[in-house]
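The values are calculated or read from the model by the stated rules, or taken from the named source; none is laboratory data. The shown structure was predicted, so the numbers you read here are calculated from the model rather than taken from an experiment. Cβ placement follows ideal geometry from the backbone for every residue including glycine, while neighbour counts extend to all protein chains displayed. Note: accessible area is taken over every heavy atom of the protein model, side chains too, but ligands, DNA and RNA are not part of it. Shrake-Rupley method; radii C 1.70, N 1.55, O 1.52, S 1.80 Å.
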Amino acid sequence: MQSALVLAVRHGGRTERGGRRRSEPEEADKGRMKRTIIKDWKTKLSYFLQNSSNSNKRKSKKAGKHRNYFRPSPEEAQLWSEAFDELLANKYGLAAFRAFLKSEFCEENIEFWLACEDFKKTKSPQKLTSKAKKIYNDFIEKEAPKEINIDFQTKSMIAQNIQEATHTCFSAAQKRVYSLMENNSYPRFLESEFYQELCKKTPISRAAQGT
């Protein structure tokens, strides 16, 4: 009788998903998962920036220019919240946003946008055609490795346009993806722990000021 009661209590504790006894552990699990994701994309961002910085150092020795990925000042980081374009125009900000999108499993959006920006700068007709086909294969066609979320009509239009590629082949899709990032991912990025830290005075910056 007593053992049956104990089993019933234990069974009830496991199945009571909507009750108070289950809500606190679930909230704790969600909190741990969020911290893990944030830590992961911050690590990836640091690695990306370090490699970019090392690459730029090698290039700067040849060009005589220093254009490394330095951590922005809090004032500079705060400018990113004024407009989405301010964030994309800053190399560190773009790298941070890209890492954030990767943590949300939608990095293909910024990769497609960047590919379109590069595509529009292409002058050679031959390269324009080859780049158009690559963008289509990577991002547009069904089950593409980095397929973006656009409607069927836009996909069909792109499939027709790349046969005679022009600089406007992907304009409609790029605008849609830009709007998606600006209205969804960008606000979440501004609320992220990493961005909030950039906008504050850090121990490292204070120590640097004291030296």
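With the condition kept exactly as written, say whether any residue in segment 116-135 is of a type in the set (Phe, Trp, Tyr) and open to solvent by 20 Å² or more (accessible area, probe 1.4 Å). No, that holds for no residue.
The residue that is least open to solvent (accessible area, probe 1.4 Å), among those in segment 74-106 that are in contact (Cβ under 8 Å) with a residue 12 or more places away in the chain and outside any helix (DSSP H, G or I), is 80. Considered as a group, the residues in segment 156-177 that are in contact with a helix residue (DSSP H, G or I) (Cβ under 6 Å, 6 or more places away or on another chain) and assigned to a helix (DSSP H, G or I) include one that is most open to solvent (accessible area, probe 1.4 Å), and that residue is 172.
A Cβ distance below 9 Å, combined with a sequence gap of six or more or placement on separate chains, defines the contacts here; from segment 129-141, residues that are free of Cβ contacts under 8 Å to residues at least 60 places away in the same chain and farther than 18 Å from residue 153 by Cα reach residues that are surrounded by fewer than 17 Cβ atoms within 10 Å (Cβ to Cβ) and of a type in the set (Val, Ile, Thr) in the pairs 131/122.
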